[in-house]
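The values are calculated or read from the model by the stated rules, or taken from the named source; none is laboratory data. Keep in mind that this is a model prediction, so the values were computed, not measured. Positions of Cβ are backbone-derived with ideal geometry, glycine not excepted, and every protein chain shown enters the neighbour counts. These area figures cover heavy atoms from the full protein model, side chains too; ligands, DNA and RNA do not enter into them. Shrake-Rupley method; radii C 1.70, N 1.55, O 1.52, S 1.80 Å.
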Amino acid sequence: MELKGTNISFKYPLAKEYLLKDINIHLDNNKITGLVGDSGVGKSTLCEILSGYYTNFEGTVELDGQKLPEKEFCPVQLIYQHPEKVMNPKWKMKDVLEESWNVDDNLLSEFGIQKSWFTRFPQELSGGELQRFSVLRSLNPKTKFLIADEMTTMLDAITQVQILDAVLKIVKQRKMGFLLVSHDMDLVNTICDDVIYFNDINGI
Amino acid sequence: MADKSKDVSSIYSPIAKMNLRTKTLLTIGLTVFILVAVVITSLFINSADITTNFNAMNQAPSFEHLFGTDWMGRDMFTRTMKGLGLSVQIGAGASILSSVIAIILAFVGSINSKLDSFIAWLVDLFLSVPHILLIILISIGLGGGAFGVTMGVALTHWTSLTRILRAEIKQINTSEFVKLSQRFGKSKIWIAKKHILPLVITQIIVGTILIFPHAIMHEASVTFLGFGLSPHEPAIGIILSESMKYLATGNWWLALFPGLALLIIVLLFDIAGENIKKLLDPTSANE
Ligand SMILES: Nc1ncnc2c1ncn2[C@@H]1O[C@H](COP(=O)(O)OP(=O)(O)OP(=O)(O)O)[C@@H](O)[C@H]1O
Ligand SMILES: [Mg+2]
């Protein structure tokens with residue numbers, strides 16, 4: 001399976017200059033890729049483009065030669081940097097999770113999610129607790145490619161390992177593609193088979 | 001010193017001791033109780049019971065006739081209560097209809113962007129014509145009466161709630177959780193129902209209640225001007241316009257009490273609306 005971005009250029013509607021210029025990026029599910037770069041260079045923006053959040057960019061994004069669907073479930077899923085932003089504040093956590101899929105109890109405990117959290121609202125959980133839901137939600141069986149945008153920055157070292165291990169296990173089991181965006185070079189070097197430096201691919 | 005005086009007052013006044021939430025709830029309870037009482041009382045008053053009594057014509061307010069009697073000896077208190085009940089009912093019909101229109105337009109706009117521009121244009125169009133004029137035109141066009149007035153008021157009062165809802169929905173549509181929902185393959189209608197509705201329900205409830213006072217006032221004014229309810233109906237607008245003829249002869253109570261009662265009802269709705277807003281708005285709920 002191959003996720004391919006070709007000649008991607010993008011600028012935010014109100015910005016004067018291009019943020020991304022002629023980016024070519026090839027990812028596949030045989031290796032785990034890391035994406036590193038300084039803060040504010042546009043990593044999150046590129047991730048959003050690769051997972052179908054924007055349509056107003058130049059270039060193409062294809063999964064196995066197919067454009068990403070706009071109206072159906074997107075096989076490329078993004079784990080967002082800030083979990084509280086991807087949850088409706090008026091929804092209980094059970095609904096938040098089930099908006100994507102019905103997770104079995106095994107997986108819940110593997111991600112350290114307690115059933116008692118299900119009846120709470122997002123504001124009533126910590127950032128780390130929310131991120132577990134956000135991660136698990138993206139692991140819908142229909143997901144083929146997973147992009148994790150600094151998903152562990154708000155977790156302590158132990159939780160970070162616990163969640164990453166759980167994700168990597170599923171990624172290997174289901175032979176999914178995985179792109180890890182991080183500031184943490186140590187983490188990228190331990191987990192990833194391949195590292196892409198953002199400034200090398202961005203033609204600005 | 002300031003603290004001390006506050007303490008003293010709180011010992012003597014049980015109302016000052018309550019927190020804001022309890023006070024808000026109490027205010028809402030009280031206003032709703034009065035409004036419901038008015039409507040129920042009016043429902044028990046049979047128009048046929050408001051009999052003419054030529055032995056008791058043009059009497060000033062007394063214990064027997066709290067609001068006095070008119071030139072046909074009818075008890076003004078009974079007439080006023082009947083009229084208020086009618087006003088609240090027409091207000092309810094018009095407000096609910098208005099907010100249904102607003103909800104439909106706002107949600108249709110959120111699903112289809114072309115229709116959204118049309119709706120924005122429609123809002124501006126309706127806002128650029130004076131309300132009272134439109135109500136009169138629509139009321140006459142639909143044959144007057146309770147139906148004409150209700151439609152006239154309903155068709156002119158959806159604009160502000162539509163504006164609020166459109167702005168709110170636009171903002172929610174740019175949020176990350178809505179974009180993610182789309183990536184999960186959810187349809188726009190599903191998103192409108194599940195994501196957007198729970199976030200705007202407060203505005204809808206408060207907006208509907210706050211249309212009430214406008215609706216009641218406009219109904220009364222249009223009726224007063226002779227373009228609304230027919231002269232046979234026991235409406236406040238009718239009572240007021242009739243009593244105009246007798247004001248010169250010194251029968252001040254004919255206009256004062258019904259007018260004051262209408263004003264109080266309108267104020268009660270305003271108070272109820274503002275307090276419900278306080279209660280439902282999480283930013284001010286726990287103060
Ligand atoms: N919605 C937006 N509208 C306009 N500009 C934006 C928007 N989102 C981000 N930007 C700008 O685009 C640039 C890149 O943002 P982005 O979030 O992609 O950076 P990043 O590489 O992920 O940074 P970090 O490592 O801090 O997460 C920043 O300068 C940011 O201010
Ligand atoms: Mg980022």
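Worth a mention:
- For the peptides A:176-187, A:96-107, B:154-165, the ranking by packing is B:154-165, A:176-187, A:96-107, with the highest mean count of neighbouring Cβ atoms within 10 Å listed first.
- Figure note: B:257, A:118, A:10 ranked by solvent-accessible area, largest first, 1.4 Å probe, ligands and nucleic acids not counted: B:257, A:118, A:10.
- Area accessible to solvent at residue A:94, 1.4 Å probe radius, in Å²: 90
- As a calculated quantity, the FRET efficiency between residue B:121 and residue A:168 at R0 = 41 Å, using C-beta atoms, amounts to about 0.15.
- In Å², nearest 10: area of residue B:150 left accessible to a 1.4 Å probe: 30
- Dipole magnitude of chain A, debye to nearest 20 (Cβ charges: Lys/Arg +1, Asp/Glu -1, about Cα centre): 500
- Set of region B:56-79 residues, backbone N closer than 11 Å to the point 7 Å along the Cα-Cβ line of residue B:41: B:66-67, B:77-79
- According to the Cα-based calculation, Rg over Rh for region A:1-57 is 0.97, with Rh computed by the Kirkwood formula.
- A 1.4 Å probe, protein heavy atoms only, puts the accessible area of residue B:151 near 50 Å².
- Net charge contributed by nearby residues that have their C-beta within less than 11 Å of residue A:130 (K/R +1, D/E -1): +1
- Equivalent-ellipsoid semi-axes of the protein assembly as shown, from the Cα gyration tensor, Å, largest first: 64, 27, 18
- Ranked by the mean number of other Cβ atoms within 10 Å per residue, highest first, peptides B:142-149, A:67-74, B:126-133 order as B:142-149, A:67-74, B:126-133.
- Test item: B:173-182 mean partner chain Cβ contacts at 10 Å: 6
- Taking N as the residue count of region B:150-287, its C-alpha radius of gyration divided by 2.2 N^0.38 Å amounts to 1.50.
- Point-to-point label distance, residue B:246-residue B:281, nm (Cα→Cβ direction, 7 Å offset): 4.4
- Environment charge of residue B:56, counting only residues whose C-beta is closer than 11 Å and scoring Lys/Arg +1, Asp/Glu -1: -2
- Considering chain B, its Cα convex hull presents a mean projected area of 21.0 nm².
- Label-point separation, residue B:96 to residue B:60 (7 Å along Cα→Cβ), nm: 4.4
- Directionally averaged projected area (region A:2-201, Cα convex hull): 11.3 nm².
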